[in-house]
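Have a look at the structure below before the remarks.
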Number of protein chains: 2
Amino acid sequence: MTLPLTARRVVLAARPSGIPQPEHFRLEDAPVPVPEPGQFLVRNEFLSVEPAMRGWVNATANYAAAVGLGEVMRSFAAGRVVASRHPLYQAGDAVMGMLGWQEYALSDGQGIRRKIREHDLPLSLSLGVLGINGVTAWFSFKELARAMPGDTVVVSTAAGGVGSAVGQIAKLAGCRTVGIAGGPAKCEQCLSEFGYDAALDYKASDFEQRLAQACPAGVDVYHDNTSGAISDAVMRLLNKNARVVVCGTASVANWDDWPQGPRVERHLLNKSASMHGFLIWDYEHRYEEAVARLAGWVRQGQLKYREDIVEGIARAPGSIADLYAGSNMGKRLIRLHGAP
Amino acid sequence: MTLPLTARRVVLAARPSGIPQPEHFRLEDAPVPVPEPGQFLVRNEFLSVEPAMRGWVNATANYAAAVGLGEVMRSFAAGRVVASRHPLYQAGDAVMGMLGWQEYALSDGQGIRRKIREHDLPLSLSLGVLGINGVTAWFSFKELARAMPGDTVVVSTAAGGVGSAVGQIAKLAGCRTVGIAGGPAKCEQCLSEFGYDAALDYKASDFEQRLAQACPAGVDVYHDNTSGAISDAVMRLLNKNARVVVCGTASVANWDDWPQGPRVERHLLNKSASMHGFLIWDYEHRYEEAVARLAGWVRQGQLKYREDIVEGIARAPGSIADLYAGSNMGKRLIRLHGAP
């Protein structure tokens, strides 16, 4: 493969206070770097877009340092090594990691999450159901939800990358699954593709009433990707010893202006219930444990996924705002170079 | 002992929506009952007053059914059996249980928490440091705080019955203990009697700044008896993997009008932290495990307690409001019959 002299990348141009918009980024050309000893060059085939990326560019204290102005936007990506002077990576290796919103990424190995070994499965899965989304679902459910067969498990953003995997794993575990999603199309997808026992549109005027009807035996596990009014409604239905897994806060536009909500203390106290913050980074060292099980389920057709792929890096700057607008139907990925 | 024909008791006269005031109760005379087969009569020596009693009379859904209008006010009490036709209880037995705000209580054994066997220690301790307070401290710290030596443990209502025991157990466990209390007298008591490493007056104008200074390494455990603005300040200082034990909500006057506060989800998510509601009833079957350890510490002088005893059942109706006003300096008890 002949490498081009220059390639495109997306850098942070201005710091957003809420959801990043296209104008907070700049698409630019840059020379394709040549690896020095200890380095290798990755040709990215798929860039990831995730809700968490909002936190990576906001100024508010977060679990990781913010991306600097003028720096390539931090993101997961999957690609193949095209040139290497690193002893552990060879041309042709498929890798996934923090390779950024760029067509070519230079790496010294740091930031590489893993070599992709599921050669029978599409490379893009390493950014979705076999990536952070699936691994998040696996560990949040295994370590924090601690569900038993018969438990009612409620999932918000139920058709999303994490939510759809949580719902399906919960179903495999013998739970009753209730998905909350935005709009009839996603609710239909929850039922027909992801096997939820019930699916609820949070935009419906009678959402709270429908939620209570869908959980006649109360809520044992709430896997929360939204916070906000959806969570407030679920909290009122918690059962004794219920577990709330706080995995994302998609409904909150801006934590710089810290939002208020109904206090949770009395719910927790009256029900001996608990809330647990989940960060996937805490489970980084156990990543392969999750991927092995998830890949097996994918091969057997027991874990379904949906990808929503758009073409070309020029789609990246607007993609986070799109995600928060809920326009995607599945894991949002950006395909580069007309990859397969 | 000759029993009187009538004795006094306190019944619920009106349902409060917030903190019960004297006018919500009525002091009345009633015949002293004579035990039938399977029953026994207890002469109460000490009545308990606890923050949780607010929840027992409010209409809002709680962990137990509300006390009915005209019924004797539910409360813990300690006393001695004076007449028995029950095979397991004999005259002279000291007992503690849900005997109510009354001078004499008829029982069939239900509602009796335990026979008191620590005959070398004052009977009143069975309602305080060896009662719900101490047992709550033991299990909340053991099962939910999961503290390690060197952890910073922050306790609200730090000089109270539960808080002072939590602080001392945490100190025995090798933790740094930071107490939050109302006013200089209670703060002084925290330092001199209960061995806290630091004590903070939440009424001070620079409370938040002092709290941060008292927790230079952040907060690993927050034992929360208050909710409200005190908790909001502590939440901002949580460390990675911090545990918040929600044990009481003393600062919230009224849950019928559900209070708002800063959302906790982002704190929990960013820190992989957790919040756990604690109800002592979940540990009822393990009560003696806690009392045995606590009594040993009391005998060795390693667990200090303070009682604030008032005389006569006529003090009962105003006692819950007094407690929320923070006027007591130690476990509030009502002594009857001029008991020792």
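When A:Ala66, A:Ala14 are checked against the criterion of being within 14 Å of chain B (Cβ to nearest Cβ), under 24 Å from A:Thr249 (Cβ atoms), touching a residue at least 40 places away in the same chain (Cβ under 8 Å) and not hydroxyl-bearing (Ser, Thr, Tyr), A:Ala66 stands alone in meeting it. Would you confirm, using the coordinates I've provided, whether B:Val252 is at negative phi, in contact with a Pro (Cβ under 8 Å, 6 or more places away or on another chain) and touching a residue at least 12 places away in the same chain (Cβ under 8 Å)? Yes, satisfied. Looking only at residues in the stretch B:13-52 that are charged (D, E, K, R) and out of contact with any His (no Cβ under 9 Å at 6 or more places or on another chain), the one that is surrounded by the most Cβ atoms within 10 Å (Cβ to Cβ) is B:Glu50. Candidates in the stretch B:273-326 are the residues that are assigned to a strand (DSSP E or B) and surrounded by 19 or more Cβ atoms within 10 Å (Cβ to Cβ); of these, the one that is nearest to the chain's Cα centre (by Cα) is B:Glu307.
Only one of the listed residues (B:Gly134, B:Gly128, B:Gly55, B:Gly97) is crowded, with 20+ Cβ neighbours inside 10 Å, touching a Gly at 6+ places or on another chain (Cβ under 6 Å) and closer than 16 Å to B:Trp281 by Cβ. That residue is B:Gly97.
Would it be correct to say that B:His267 is within 8 Å of chain A (Cβ to nearest Cβ), farther than 22 Å from B:Ala181 by Cβ and free of Cβ contacts under 8 Å to residues at least 60 places away in the same chain? Against the criterion (within 8 Å of chain A (Cβ to nearest Cβ), farther than 22 Å from B:Ala181 by Cβ and free of Cβ contacts under 8 Å to residues at least 60 places away in the same chain), B:His267 qualifies. For the stretch B:94-127, which positions are part of a strand (DSSP E or B) and aromatic (Phe, Trp, Tyr)? B:Tyr104 - this is the single residue of the stretch B:94-127 that is part of a strand (DSSP E or B) and aromatic (Phe, Trp, Tyr). Selection of first residues in the stretch A:20-35 that are closer than 30 Å to A:Ala325 by Cα and touching a residue at least 12 places away in the same chain (Cβ under 8 Å) and of second residues that are in a loop (DSSP other than H, G, I, E, B) and of a type in the set (Phe, Trp, Tyr), restricted to Cβ pairs under 9 Å at least 6 apart or on distinct chains, gives the following pairs, ordered by first then second residue: A:Phe25/A:Trp101.
Checking each residue in the stretch A:242-251 for being part of a strand (DSSP E or B) and of a type in the set (A, V, I, L, M, F, W, C) picks out A:Ala242, A:Val244, A:Val245, A:Val246. Looking at the stretch B:300-323, can you tell me whether even one residue there is out of contact with any Phe, Trp or Tyr (no Cβ under 6 Å at 6 or more places or on another chain), of a type in the set (A, V, I, L, M, F, W, C) and within 14 Å of chain A (Cβ to nearest Cβ)? No; the residues of the stretch B:300-323 include none that is out of contact with any Phe, Trp or Tyr (no Cβ under 6 Å at 6 or more places or on another chain), of a type in the set (A, V, I, L, M, F, W, C) and within 14 Å of chain A (Cβ to nearest Cβ).
For (1) out of contact with any Cys (no Cβ under 7 Å at 6 or more places or on another chain); (2) in a helix (DSSP H, G or I), each residue gets a yes or a no:
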| site | (1), (2) |
| --- | --- |
| A:Gly134 | yes, yes |
| A:Trp138 | yes, yes |
| A:Leu144 | yes, yes |
| A:Ala147 | no, no |
| A:Val155 | yes, no |
| A:Ala158 | no, no |
| A:Ala165 | yes, yes |
| A:Gln168 | yes, yes |
| A:Gly179 | no, no |
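Of the residues making up the stretch A:175-190, those that are within 25 Å of A:Lys142 (Cβ to Cβ) and either hydrophobic (A, V, I, L, M, F, W, C) or surrounded by fewer than 24 Cβ atoms within 10 Å (Cβ to Cβ) (or both) number 7.
A single member of A:Leu172, A:Leu121, A:Leu144 is surrounded by fewer than 24 Cβ atoms within 10 Å (Cβ to Cβ) and in the same structural domain as A:Pro33 (by TED's automatic domain parsing), and it is A:Leu121. Name the residue that is surrounded by the fewest Cβ atoms within 10 Å (Cβ to Cβ), counting only residues in the stretch B:327-340 that are within 18 Å of the chain's Cα centre (by Cα) and in a loop (DSSP other than H, G, I, E, B). So the residue we want is B:Ser327. So which residues in the stretch B:304-334 are among the polar types (S, T, N, Q) and at pLDDT below 95? If the condition is that a residue be among the polar types (S, T, N, Q) and at pLDDT below 95, then B:Ser327, B:Asn328 are the ones that fit. Contact map, the stretch B:220-241: first residue assigned to a helix (DSSP H, G or I), second residue of a type in the set (Val, Ile, Thr), Cβ cut-off under 7 Å, separation 6 or more or different chains; pairs are B:Gly228/B:Val252; B:Ile230/B:Ile180; B:Val234/B:Val154; B:Val234/B:Val219; B:Met235/B:Val264. Of the numbered criteria (1) out of contact with any helix residue (DSSP H, G or I) (no Cβ under 8 Å at 6 or more places or on another chain); (2) surrounded by 15 or more Cβ atoms within 10 Å (Cβ to Cβ); (3) part of a loop (DSSP other than H, G, I, E, B), the one A:Asn254 fails is (2).
Within the stretch A:257-272, can you find the residues that are surrounded by fewer than 14 Cβ atoms within 10 Å (Cβ to Cβ) and among the polar types (S, T, N, Q)? Of everything in the stretch A:257-272, just one residue is surrounded by fewer than 14 Cβ atoms within 10 Å (Cβ to Cβ) and among the polar types (S, T, N, Q), namely A:Gln260. What's the number of the only condition in (1) in contact with a His (Cβ under 8 Å, 6 or more places away or on another chain); (2) within 12 Å of chain B (Cβ to nearest Cβ); (3) crowded, with 24+ Cβ neighbours inside 10 Å; (4) closer than 28 Å to A:Gln302 by Cα that A:Arg243 fails to meet? The one condition A:Arg243 does not meet is (3). Tell me yes or no: at least one residue of the stretch A:204-218 is touching a strand residue (DSSP E or B) at 6+ places or on another chain (Cβ under 9 Å) and at the interface with another protein chain (Cβ under 10 Å from one of its Cβ atoms). No: zero hits.
For the stretch B:239-275, a residue qualifies if it is modelled with pLDDT under 95, touching an Asp or Glu at 6+ places or on another chain (Cβ under 9 Å) and among the polar types (S, T, N, Q), and exactly one does: B:Thr249.
Quick check on my filter: what residues within the stretch A:219-239 are over 20 Å from A:Ile280 (Cα atoms) and facing chain B (nearest Cβ under 9 Å)? Listed by number, the residues that qualify are A:Gly228, A:Ser231. When we screen A:Asp206, A:Asp224, A:Asp220 for residues that are of a type outside the set (Ser, Thr, Tyr) and surrounded by fewer than 21 Cβ atoms within 10 Å (Cβ to Cβ), the only hit is A:Asp206. Scanning the stretch B:270-288 for residues that are more than 7 Å from chain A (Cβ to nearest Cβ) and polar (S, T, N, Q) yields no hits at all.
The values are calculated or read from the model by the stated rules, or taken from the named source; none is laboratory data. If you're wondering where the values come from, they're calculated on a predicted model, not measured in any experiment. Positions of Cβ are backbone-derived with ideal geometry, glycine not excepted, and every protein chain shown enters the neighbour counts.
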